1. Quick check, is Lys137 out of contact with any Leu (no Cβ under 9 Å at 6 or more places or on another chain), over 25 Å from Leu53 (Cα atoms) and either surrounded by 19 or more Cβ atoms within 10 Å (Cβ to Cβ) or modelled with pLDDT of 95 or more (or both)?
2. Which residue, of Leu31, Leu106, is at pLDDT below 90, surrounded by 12 or more Cβ atoms within 10 Å (Cβ to Cβ), within 21 Å of Asp130 (Cβ to Cβ) and touching a Phe, Trp or Tyr at 6+ places or on another chain (Cβ under 7 Å)?
3. Given the conditions (1) over 22 Å from Gln142 (Cβ atoms); (2) without any contact (Cβ under 8 Å) to a residue 60 or more places away in the chain, report the number of the one that His81 does not fulfil.
4. I need a count of the residues in region 113-130 that are surrounded by fewer than 14 Cβ atoms within 10 Å (Cβ to Cβ) and closer than 16 Å to Asn78 by Cβ.
5. Is it the case that some residue within region 59-82 is over 18 Å from Tyr123 (Cβ atoms) and of a type in the set (Asp, Glu)?
6. Please tell me if Arg93 is crowded, with 17+ Cβ neighbours inside 10 Å and of a type in the set (Lys, Arg).
Amino acid sequence: MVCQWGAIDFVSETCGFDYTDYYEKELGSSLWRKIISFEALISPELLSSIKHLTNEIEASLSSEDKRRMVNIDPGYINAYHLILGTTKPAPHRPYLQSGIYSDLTLLYQEKSFGPLAWTYPDYRSEKIIDIIGFLRKKYLFQLKLQVKKR
């Protein structure tokens, strides 16, 4: 499948989202999530513009009373961490640009990703950490292929 950011190369199984009731008022109960990755590697500098695009997608899919029907959390993985884009400022979130902040969500140490004090409960789960670990391996493989092509 191809979309705004190129070919999708990974879609996780559907995972229940019952870690918090934060979104229940807006999105309802019985929430679920999927993690999607794209074949093309992005430059981290693009995160703020990608977050603005995902905000537009969320708005376009919103109900008539402006309630979101989806929540899209764009981010990127590298060898060292998972970074998400967010509009919510916090002491641990460096400002990028245009109202977007960078959230260091998971840190890769001792052969696995691990949460930080502020990591959201869902990103602390073994299932999500396993998926992000798999995507890191895929990313590292993609980097090797890029180097070979040069």
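The values are calculated or read from the model by the stated rules, or taken from the named source; none is laboratory data. Not measured: the values here are computed from a predicted model. Don't worry about glycine lacking a Cβ; one is built from the backbone with ideal geometry, like all the others, and counts go over all protein chains shown.
1. yes
2. Working: Leu106 fails: at pLDDT below 90.
None of the other options fit; the residue is Leu31.
3. (1)
4. So the count comes out to 1.
5. yes
6. Working: crowded, with 17+ Cβ neighbours inside 10 Å: yes; of a type in the set (Lys, Arg): yes.
In short, yes.
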